[in-house]
1. Among the residues of the stretch 55-66 satisfying the criterion of being at positive phi and either open to solvent by 100 Å² or more (accessible area, probe 1.4 Å) or assigned to a loop (DSSP other than H, G, I, E, B) (or both), which is modelled with the highest pLDDT?
2. Determine which member of the set Ala73, Ala52 is more than 20 Å from Gly22 (Cα to Cα), crowded, with 19+ Cβ neighbours inside 10 Å and modelled with pLDDT under 90.
3. Identify, by number, the condition in (1) buried (at least 17 other Cβ atoms within 10 Å of the Cβ); (2) modelled with pLDDT of 90 or more; (3) in contact with a strand residue (DSSP E or B) (Cβ under 7 Å, 6 or more places away or on another chain) that Ala117 doesn't meet.
4. Quick test of your reading of the structure: Val37 fulfils all but one of (1) at pLDDT below 90; (2) open to solvent by less than 90 Å² (accessible area, probe 1.4 Å). Name the failing condition by number.
5. Among the residues in the stretch 26-34, are any within 18 Å of Ala117 (Cβ to Cβ), of a type in the set (A, V, I, L, M, F, W, C) and outside any helix (DSSP H, G or I)?
6. Only residues that are outside any loop (DSSP other than H, G, I, E, B) and at pLDDT below 90: list them for the stretch 124-135, please.
7. Is there a residue being over 21 Å from Val46 (Cβ atoms) and in contact (Cβ under 8 Å) with a residue 24 or more places away in the chain anywhere in the stretch 77-84?
8. Spot the failing condition for Val78; the list is (1) under 22 Å from Leu13 (Cβ atoms); (2) touching a helix residue (DSSP H, G or I) at 6+ places or on another chain (Cβ under 9 Å); (3) not in a helix (DSSP H, G or I), and only one is missed.
Amino acid sequence: MNGKIASAVGLRLRPRDAAKIGQLVLTRGAWGGKQIVSAKWIEQSVRPRFQAIGYFSGLFFYGQQWWMGRSIAQEKEVKWIAAMGSGGQRIFIVPDRDLVVMTTSGLYFRPYQGDGALDMMANYILPSVRDNNTR
């Protein structure tokens with residue numbers, strides 16, 4: 001170690017704890033009836049700031065440590081927010097479906113390491129979860 005902080009790598013979480021971070025974002029910083037992270041800060045962190053040209057085929061946007069993308073499910077565009085970790089670890093937050101999904105994988109240093117998680121979201125998980133606006 002060289003003593004430098006590498007904020008983009010090295011976080012080790014159990015899947016259930018990673019999902020809790022997703023739930024915290026979904027609830028705009030509230031947990032157990034208490035506001036523990038500023039809703040304004042959450043809103044700012046998931047606001048698209050950059051087109052991800054050169055990453056993930058340029059299909060996504062990037063905010064502050066969060067990726068924003070969309071999938072098609074039930075013939076509707078479904079927007080999501082994601083943390084995308086090395087090897088295929090993913091936290092997906094889907095506000096319109098009131099949904100948090102955590103996926104794990106061991107595809108480190110392989111091309112297309114996160115494609116499996118995106119495929120599962122688009123083709124299996126999202127079509128199985130009802131849209132909040134159609135309840």
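1. The selected residue is Gln65.
2. Ala73
3. Tallying (1) buried (at least 17 other Cβ atoms within 10 Å of the Cβ); (2) modelled with pLDDT of 90 or more; (3) in contact with a strand residue (DSSP E or B) (Cβ under 7 Å, 6 or more places away or on another chain), Ala117 fails exactly one: (2).
4. (1)
5. For the stretch 26-34, residues within 18 Å of Ala117 (Cβ to Cβ), of a type in the set (A, V, I, L, M, F, W, C) and outside any helix (DSSP H, G or I): absent.
6. Asn132, Asn133, Thr134
7. Checking the stretch 77-84: not a single residue is over 21 Å from Val46 (Cβ atoms) and in contact (Cβ under 8 Å) with a residue 24 or more places away in the chain.
8. For Val78, the failing item is (1).
The values are calculated or read from the model by the stated rules, or taken from the named source; none is laboratory data. As the structure is a computational prediction, the values presented were derived from the model and not from experiment. Using ideal geometry, Cβ is built from the backbone for each residue, glycine included, and neighbour counts are taken over all protein chains shown. For accessibility, only protein heavy atoms count, side chains too; no ligands or nucleic acids. Shrake-Rupley method; radii C 1.70, N 1.55, O 1.52, S 1.80 Å.
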